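Read the structure below first, then the notes.
The values are calculated or read from the model by the stated rules, or taken from the named source; none is laboratory data. What you see is a predicted model; the values in this text were computed from it and never measured. Positions of Cβ are backbone-derived with ideal geometry, glycine not excepted, and every protein chain shown enters the neighbour counts. For the accessible areas, the whole protein counts, side chains as well, though only heavy atoms, and no ligand, DNA or RNA atoms are used. Shrake-Rupley method; radii C 1.70, N 1.55, O 1.52, S 1.80 Å.
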Amino acid sequence: QVQLVESGGGLVQPGGSLRLSCAASGTIFSINFMGWYRPAPGKERELVARITSDGTTNYVDSVKGRFTISRDNAKNTVYLQMNSLKPEDTAVYYCTADVTVVGIRYPSRYWGQGTQVTVSS
């Protein structure tokens, strides 16, 4: 009922920038939050950034001051602007959304297919 399509990944040199996009489509009634995850050492994944329906944002400490998450509610799209990229940022980034579907009482979590970000000289 809901699909998340990611784009914007690629190869960039250290210090460079990328902008990831994630568009949600389907029978969406509302979106509670959208965010980005990536695999991390010692854990299955870590939350990179999240933005709620009221605009509240959260970031993992390692990206604070470098990454900015934003959204376009009219397009059901979330963006991750990544500046001053470091080699340790290299990962597959997965978009996620907590979505209430039309006609369904409770929200469910949905995931995108992932987009590869590689930071290397």
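Would you check if there is a residue in segment 32-44 being open to solvent by 50 Å² or more (accessible area, probe 1.4 Å) and of a type in the set (Ser, Thr, Tyr)?
Taking every residue of segment 32-44 in turn, none turns out to be open to solvent by 50 Å² or more (accessible area, probe 1.4 Å) and of a type in the set (Ser, Thr, Tyr).
Here is a check on your reading of the model: is VAL119 over 12 Å from the mean Cα position of the chain (by Cα) and under 20 Å from PRO41 (Cα atoms)?
yes
Starting from residues that are open to solvent by 30 Å² or more (accessible area, probe 1.4 Å) and β-branched (Val, Ile, Thr), keep the ones in segment 53-74 and report whichever is farthest from the chain's Cα centre (by Cα).
If we take residues in segment 53-74 being open to solvent by 30 Å² or more (accessible area, probe 1.4 Å) and β-branched (Val, Ile, Thr), then THR56 is farthest from the chain's Cα centre (by Cα).
Farther than 30 Å from GLY103 by Cα and under 14 Å from the mean Cα position of the chain (by Cα) - does that describe any residue in segment 30-44?
Within segment 30-44, one or more residues are farther than 30 Å from GLY103 by Cα and under 14 Å from the mean Cα position of the chain (by Cα).
Kindly indicate whether any position in segment 3-13 is within 19 Å of TYR106 (Cα to Cα), open to solvent by 60 Å² or more (accessible area, probe 1.4 Å) and at pLDDT 95 or above.
yes
Which one is surrounded by the most Cβ atoms within 10 Å (Cβ to Cβ) among residues in segment 107-121 that are closer than 21 Å to GLY26 by Cα and of a type in the set (Gly, Ala, Ser)?
This residue is GLY112.
Only one of (1) open to solvent by 20 Å² or more (accessible area, probe 1.4 Å); (2) closer than 13 Å to TYR37 by Cβ; (3) of a type in the set (A, V, I, L, M); (4) more than 12 Å from the chain's Cα centre (by Cα) is not met by ILE104, so which one is it?
Every condition holds for ILE104 apart from (2).
Out of (1) modelled with pLDDT of 95 or more; (2) out of contact with any strand residue (DSSP E or B) (no Cβ under 7 Å at 6 or more places or on another chain), what's the single condition that is false for PRO87?
Unmet for PRO87, out of (1) modelled with pLDDT of 95 or more; (2) out of contact with any strand residue (DSSP E or B) (no Cβ under 7 Å at 6 or more places or on another chain): (2).
Among residues belonging to segment 75-99 that are acidic (Asp, Glu) and buried (at least 16 other Cβ atoms within 10 Å of the Cβ), point out the one that is farthest from GLY35 (Cα to Cα).
Filtering first and then ranking leaves ASP89.
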